[in-house]
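In what follows, a structure is listed as structure tokens, so that the remarks can point back to it.
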Amino acid sequence: MSGPLHGFKIIEMAAIGPVPFCGMMLSDMGADVVRIDRKGSPVAHQNNPVNRGRRSIALDLKSPDDIATARQLINRADALIEGFRPGVMERLGLGPEPCLADNRGLVYGRMTGWGQTGPLAQSAGHDINYIALTGALHAMSRDGQPPSPPLNLIGDYGGGAMLLASGVLAALLERSRSGLGQVIDAAMTDGSACLMSLFHGLQASGNWRDQPGTNMLDGGAHFYNTYACADGKFISIGPIEPQFYTALLQRCGIDEPAFSAQMDVGQWPALKDKLGNLFRTRNRDDWCALLEGSDACFAPVLDTREAAQHPHNQARQTFVRHNGITQAAPAPRFSRTPGAIKNAPAAPDEHHDAILRDWL
């Protein structure tokens, strides 16, 4: 086994959204992650790469005997991650108080949308709701259109799973000094608000307007945008720095004086139209041949299948084929203790006996 977390044992209470993504990351980094599934749960895990790398044991969390087994496993763990509504783990008898009483070094990671406290803590919600409440969704509107949900990348994953993973790792690092575990309250509202820190700063300095689609990074600028090509495919450009902007203009043969005022906000709509007309004159591959690999800050807009075939991603092995599914390789990369995919997504209870043998 490899990975910087090799030797660490982590319990993942089966859930959806950010908890399994966090479990995947910790497993890819070498931790022995055991997922506790609910016995009889209809949730299937086998075809989802997010569930790779863990073993599964299914328990009846209404059974005193199975709750006792869960307590035993948690007592052997370095960390636990769970994504139930506040109070659910306490009602099961698996809340932080008894678990930390049994295992004083346990890092207890709690992942919710609204947080463990606050007037919305007990309300249902999903990624789109959490990022709406923190201003992130509004900021991604453009041209007066309704906000488009950015998949579930910001609430569930960026502001959720990544926040939980960094919290777990920080608490494990602190435990090496104190010998004590602690509880992590990771909320997707907190995480997505944290991701918006730059834009609060821009707003405070007068460099961010409330009207979506009029700012440099939200589609307002002609030089930070996506454009359609002659074949209906798209490209992206982002030359913010003057020298990169000049590289784009030179490679595209643009010498029109209007383009010299790069940061003149009033000129942006007209310049977007001009660039749009230009980029529609050639196919996407033609623009790739002209601009890719230059300092023009360019990339084609690829679908998931195209992304796996791109030469840069192939050279870095960004995507791998595992269990018959193309998926992202473990990230980030470690020079001495590289991460790895340990096994395919497990069926519920697939490793029941092995887990009890290895952990207890």
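For the range 31-95, what's the relative contact order in percent, using C-alpha pairs closer than 8 Å and at least 6 residues apart?
29 percent
ASP102 to ASP231: extension gain in nm, 0.36 nm per residue of separation minus the Cα-Cα distance?
40.1 nm
Over all pairs of distinct alpha carbons, what does the Kirkwood formula give as the hydrodynamic radius of the range 225-311, in Å?
Answer for the range 225-311: a Kirkwood hydrodynamic radius of 13.5 Å.
Among the lysines, which have Cα under 27 Å from the Cα of LYS272 when same-chain residues fewer than 8 positions away are ignored?
LYS233
Give the relative contact order (percent, whole number) for the chain; include only Cα pairs under 8 Å separated by 6+ residues.
Normalised by residue count, the contact order of the chain is 22 percent.
Just order 290-302, 218-230 by mean Cβ neighbour count inside 10 Å, highest at the front, would you?
218-230, 290-302
Counting only helical runs of four or more DSSP H residues, what would the 222 nm mean residue ellipticity of the chain come to if each run contributes -39,500 (n - 2.57) and the total is spread over all its residues?
Calculated mean residue ellipticity at 222 nm is -10000 deg cm²/dmol.
List the aspartates and glutamates whose Cα sits under 16 Å from the Cα of LYS62, skipping any in the same chain fewer than 8 residues away.
ASP37, GLU90
Which of the aspartates and glutamates could a cross-linker span from LYS274 if the Cα-Cα distance has to be under 19 Å and same-chain partners fewer than 8 positions apart are dropped?
ASP143, ASP218, ASP231, ASP255, GLU256, ASP264, ASP286
Kindly rank 131-138, 31-38, 270-277 from highest to lowest mean number of other beta carbons found within 10 Å of each residue.
For the peptides 131-138, 31-38, 270-277, the packing ranking is 31-38, 131-138, 270-277.
Using the Kyte-Doolittle scale, which helices in the chain average at least 0.0 and also have C-alpha atoms spread 20 Å or more along the helix axis, with helices defined as whole DSSP H runs?
Helices meeting the span and hydropathy rule in the chain are 162-178.
Express the C-alpha Rg of the chain as a ratio against the empirical globular expectation 2.2 N^0.38 Å, rounded to two decimals.
1.17
Which whole-number percent is the relative contact order of the range 225-311 (Cα, under 8 Å, 6+ apart)?
47 percent
According to a simple spin-label model (label point 7 Å from Cα along Cα-to-Cβ), what is the distance in nm between THR337 and VAL320?
1.7 nm
I need the peptides 249-258, 12-21 ranked by packing, meaning the mean over residues of other C-beta atoms within 10 angstrom, with the highest value on top.
Final packing ranking: 12-21, 249-258.
Every number here is computed from the coordinates shown, using simple stated rules; none is lab data. Predicted model only: the values in this text are computed from it and were never measured. Reconstructed Cβ throughout: ideal geometry from the backbone, glycine too, with neighbour counts over all protein chains shown.
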